[in-house]
Amino acid sequence: MRFISPLIRTMNMKQIRRLDFQEALKRYREEDLLSLGAMADGMRQQLHPENVVTYVVDRNINYTNICCSGCRFCAFFRPPGHAEGYLITKESLHSKIEETLALGGTQILLQGGMHPGLALDYYRDLLGFIKGNFSIHIHGFSPPEIHYLARIEGISVRDTLEALMDAGLGSIPGGGAEILAERVRKKISPNKCTDGEWLAVMETAHELGLRSTATMMFGHVETVEERLEHLFKIRDLQDRTGGFTAFIPWTFQPENTSLSVPKATSAEYLRLLALSRLVLDNIPNIQASWVTQGPKIAQVALKFGANDLGSTMIEENVVAAAGVAFSLSREEMIRIIETAGFHARQRDTFYNPVCMRDK
């Protein structure tokens, strides 16, 4: 299935000139930050002239922290057999989803790790339990999880995705992308799927009708050129499938990890965010990462190309494990959006309006 985005039609009418790699690199390296932000803000205004910033009410549920990948950037995982490893109980899962719905949530983000003890039947049962008890969208299982599950089951990625979809999976998060450059992945996550395998999972998902987000975690061992390589690989795939709903970049949080690098600055974050809006001309939405940047920089990001403030994050565990503890209520999120000069609108996974009482 090829998704035809209204953004692509808008772009064609307005004839937004597409950046090539060298032009993007020049702007990234040489343009002053405020000028780059203004360019990205101008493009956002062309693509989203309604002056609305969206957000979603959901919960991140990590069904397990047991993972055999051993990524050097992750402070959340525990290896198999570790005393602090866990697998969520159905009672706990039920309680978390009940609370999410009571708070106006419309989806759950369901992610874990590469758990060597879980087979496809576990995931089908997990999805079936959720759909059998609740009317809620499941945005779940990143490409590394899907690729790993297919490998240990000895079946294709397509068959794995079809089984998960039949059980209730509604869309896929863009986690596990980190930087889509093999030199980087060999250094920080050598046991995880390759960049090509990550992209192949997404392409297959889009072909099957599953929409997804795309992400980037930057500010560790990658070069500027590798950051751009990542953006252009995402753009190329979107040209083929149109299946990405949004792009979400965030900065690596080094605390409690085995990577000892300086933390990326807010200026670095805003520069990459602005460039992503300019390069990813075929992805409708760019999301600001208040979870890693805090609410003030996230508000600034709304003038650097972002048109979405992401999730209220009723629960978040992975970034918190790296020592970052920002939190926002729904009311605070609306205030941030409105004081930046925008109208706030709650959305669902696919950017459809949810709550008409928002301004």
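The values are calculated or read from the model by the stated rules, or taken from the named source; none is laboratory data. If you're wondering where the values come from, they're calculated on a predicted model, not measured in any experiment. Using ideal geometry, Cβ is built from the backbone for each residue, glycine included, and neighbour counts are taken over all protein chains shown.
Checked across the range 18-39, the condition of being farther than 23 Å from VAL224 by Cα and either buried (at least 19 other Cβ atoms within 10 Å of the Cβ) or at pLDDT below 95 (or both) holds for no residue. Kindly check whether there is at least one residue in the range 237-246 that is in contact (Cβ under 8 Å) with a residue 60 or more places away in the chain, closer than 22 Å to GLN45 by Cβ and assigned to a helix (DSSP H, G or I). No: zero hits.
Looking across the range 182-202, just one residue is small (Gly, Ala, Ser) and at pLDDT below 95, and that is SER189. Scanning for something closer than 23 Å to ARG183 by Cα, at pLDDT 95 or above and in contact with a Ser or Thr (Cβ under 6 Å, 6 or more places away or on another chain), does the range 267-278 turn up at least one residue? Scanning the range 267-278, I find at least one residue that is closer than 23 Å to ARG183 by Cα, at pLDDT 95 or above and in contact with a Ser or Thr (Cβ under 6 Å, 6 or more places away or on another chain), so the answer is yes. Scanning the range 202-236 for residues that are part of a loop (DSSP other than H, G, I, E, B), under 22 Å from GLY170 (Cα atoms) and not small (Gly, Ala, Ser) yields a count of 2.
Restricting attention to the range 88-110 and to residues that are more than 15 Å from ASP348 (Cβ to Cβ) and either β-branched (Val, Ile, Thr) or surrounded by 21 or more Cβ atoms within 10 Å (Cβ to Cβ) (or both), the residue that is farthest from the chain's Cα centre (by Cα) turns out to be THR89. Taking the criterion of being β-branched (Val, Ile, Thr) and under 17 Å from VAL52 (Cβ atoms), the only residue of the range 284-307 that qualifies is ILE286.
Sort out which residues of the range 293-315 are of a type in the set (A, V, I, L, M), crowded, with 24+ Cβ neighbours inside 10 Å and more than 21 Å from ILE61 (Cα to Cα), and write them in order of number.
The initial filter retains those residues of the range 293-315 that are of a type in the set (A, V, I, L, M), namely 297-298, 300-302, 306, 309, 313-314.
Retained after the next criterion (residues that are crowded, with 24+ Cβ neighbours inside 10 Å): 298, 301, 306, 309.
ALA298, ALA301, ALA306, listed by residue number.
Out of the range 263-318, which residues are hydroxyl-bearing (Ser, Thr, Tyr), in contact with a strand residue (DSSP E or B) (Cβ under 7 Å, 6 or more places away or on another chain) and not in a loop (DSSP other than H, G, I, E, B)? Across the range 263-318, the qualifying residues are TYR269, SER276, THR292, SER311.
Residue pairs whose Cβ atoms lie under 8 Å apart, sitting 6 or more positions apart in sequence or on different chains, and linking a residue in the range 278-296 that is more than 12 Å from GLY310 (Cα to Cα) to a partner that is acidic (Asp, Glu) and part of a helix (DSSP H, G or I), are ASN282/ASP239.
Within the range 332-347, track down each residue that is surrounded by 20 or more Cβ atoms within 10 Å (Cβ to Cβ) and either without any contact (Cβ under 8 Å) to a residue 24 or more places away in the chain or polar (S, T, N, Q) (or both). Matches in the range 332-347: GLN346 only.
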